[in-house]
Amino acid sequence: MEAFLGENDYLCRLDRHKSSKLFCNPMSDKYIVSARKYRPSTFRSVVGQQSLTHTLKTAIASGRLAHAYLFCGPRGVGKTTCARIFAKTINCEHPTPEGEACNECASCKAFNDQRSYNINELDAASNNSVDNIRDLTEQVRIPPQTGRYRVFIIDEVHMLSQAAFNAFLKTLEEPPEYAIFILATTEKQKVIPTILSRCQIYDFARITVPDIVQQLQYVCEQESIEAEPAALNVIAQKADGAMRDALSIFDQVAASTQGHITYQSALDNLNVLDYDYYFRLVDTFLAGDVMQALLIYKEIRDKGFDSQFFINGLAQHLRDLMVASTPQTRKLLEMNDEVALRYGEQSTKLAPAFYYRALDLCNSCDLNYRNASSKQLLVELTLVKLCQLVVAPQPQQAATPPIQKISAQPAARPAQQAPPAQAAPTAQAQQRPAPGSPVPQAPHPAEQAPHPAQAAQQVRQPSVPAPAPAPASPVAGRPMRQALGNTPRIMVNASNPAAAPQQQAATAAGVPQRTQPFTIEQLHDAWHGYIDQHPQERALCTTMSYALPQPGNAPEHYVMVVGSPTEQKNVEEHKAALVQFLCNALKNDRFTLDINVSDVPIDTPKILSPREVVEQIKQHNPNFTQFLKDFDLGLA
């Protein structure tokens, strides 16, 4: 029924033997379950509620008793038991100095024999109507025949109906001086506020795993049952803080093992997955062994365990590892010292970032499990991702010194693709290699690439500053910046800015660029492909739809003419991503794009609202207006 404390002193054991005449051989015909057999009768024998029972004993000793109490908390933690002990103690004729009942007076004996008329219990789960409460209020009018108080215990009080609560309010607020009400509930939030305000509220805590294990060890001593500490720890964790549940599970396991409870027998009877599987899985995560992780998962499934139960257990195991990784949080582990030591040893092999990401993956798997069409695949995919979280560090090349500086000087174009000579010398012409010097050529893919140390040495060499270009001297009707637009440029991936230094270093070291030729039609197809992939950029897509790129004065150089500086600024903001997209689509890294503003006004298409679109359709098609009227249609 409710829980109690198993202290190893003589007084507590004497309390349990005196509290009931139910102690008997479990093999006899009068076998009583442990939850009833070891139910406490004194405050000091209650498990895990020491501070609360101390408060009640102090109130009894000082005579400061309230007329209404509310005991709330999880199931099986001692609410009803404490209510009965409290009712017996306040009516005891000769209480002990410690505030306990004597168990010798007439009132205590009547309570122990379950024939006391001063204690009335009402199960609100099955007696929740107004008539039941009216019968209770009629009994309140009768004073006690023996003793000082009449105690009314209402269990599961949150099950009372709204009308029953209202009928109980007046009696609860102004009861006779001899009446005391003790309300017990597992769901305090369902009790109406007017009831809560009239009661002293006591919150019962969950019973910890060490306290449950200690009590189960006491029961094993009394019943002459051998049990491994690890098995009792499994039972305590399965009980989830409820002593009554722990005793019921203990009886179940003890009955199947015939008085010898082992760790494996506890796992088999309770359908609990051995934590050794989780330790093995974490080892596979550390090794990145996907195949072994999938085999362990198959072994677990073959034993009949549900996949969602497995993924929740894995998440709990990872949480325990995270808790065991630091001494400050290690006290949160609810397990015996031997298992806690094993958790601590494995937690030292993992970084904190692994726990956060791994727990997030397990949580996502649990959330998506119900809607997944292939639940096994979902769990296996999660295991694959977990195996990839721990990546071994890549070996560094000792011969490659760090790159200190990258020349911003544009690489010279190969001679076979150089633009025709111009009458006026340009900055590009001034930067060409001297006659007789070798023309830099892109290495053939089949040729051996230069040694990394040599490439890095070339990159670190400071570039010779080029002579200043002629100020704004036009070449063939183009400004100087357009004349330089056909020089090879280093393209930066806008989606991964961190990759820019590596791309620049690769270009400076002579890594070949993509130079596949393309036509204007292919460029326009890629242009519209970018528009289709970015519908959220409405202004940009509108500008790109009418300002198609036109060929410049070089094969890979194109010009986009827009109608206003605002459009030019908008396109410039997206230029890096646009050019990178076009280079990838065309497989040509030498593609360049300039955005110019037209000198003459351009009739840009107007972006119409849905209502303007409907009005234009009405003007061009009169039948559309009649169609809207016939079907009573309109814009929302």
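What follows draws every value from the coordinates through simple rules; no lab data is involved. These figures come from a predicted structure and were not determined experimentally. Don't worry about glycine lacking a Cβ; one is built from the backbone with ideal geometry, like all the others, and counts go over all protein chains shown.
Quick rundown of the values:
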{"quantity": "Burial order of peptide ranges 254-262, 79-87 (average beta-carbon count within 10 Å, highest first)", "calculated": "79-87, 254-262"}
{"quantity": "Principal axis dimensions, largest first and in whole angstrom, of the stretch 49-203 by Cα", "calculated": "42, 33, 26"}
{"quantity": "Set Lys190/Lys375; Lys79/Lys170; Lys30/Lys109 screened for pairs whose C-alpha atoms are more than 30 Å apart", "calculated": "Lys190/Lys375"}
{"quantity": "Under 17 Å from the Cα of Lys618 - lysines, other chains or at least 8 residues apart", "calculated": "Lys629"}
{"quantity": "Stokes-Einstein D (µm²/s) once Rh is taken as the Kirkwood radius of the stretch 275-387 over alpha-carbon pairs, at 37 °C in 0.692 mPa s", "calculated": "228"}
{"quantity": "Under the Debye formula (equal points on every Cα, no solvent term), log10 I(q)/I(0) of the stretch 185-247 at q = 0.16, 0.17, 0.19 Å⁻¹", "calculated": "-0.61, -0.64, -0.71"}
{"quantity": "log10 of Debye I(q)/I(0), alpha-carbon scatterers only, for the stretch 202-331 at 0.09 Å⁻¹", "calculated": "-0.32"}
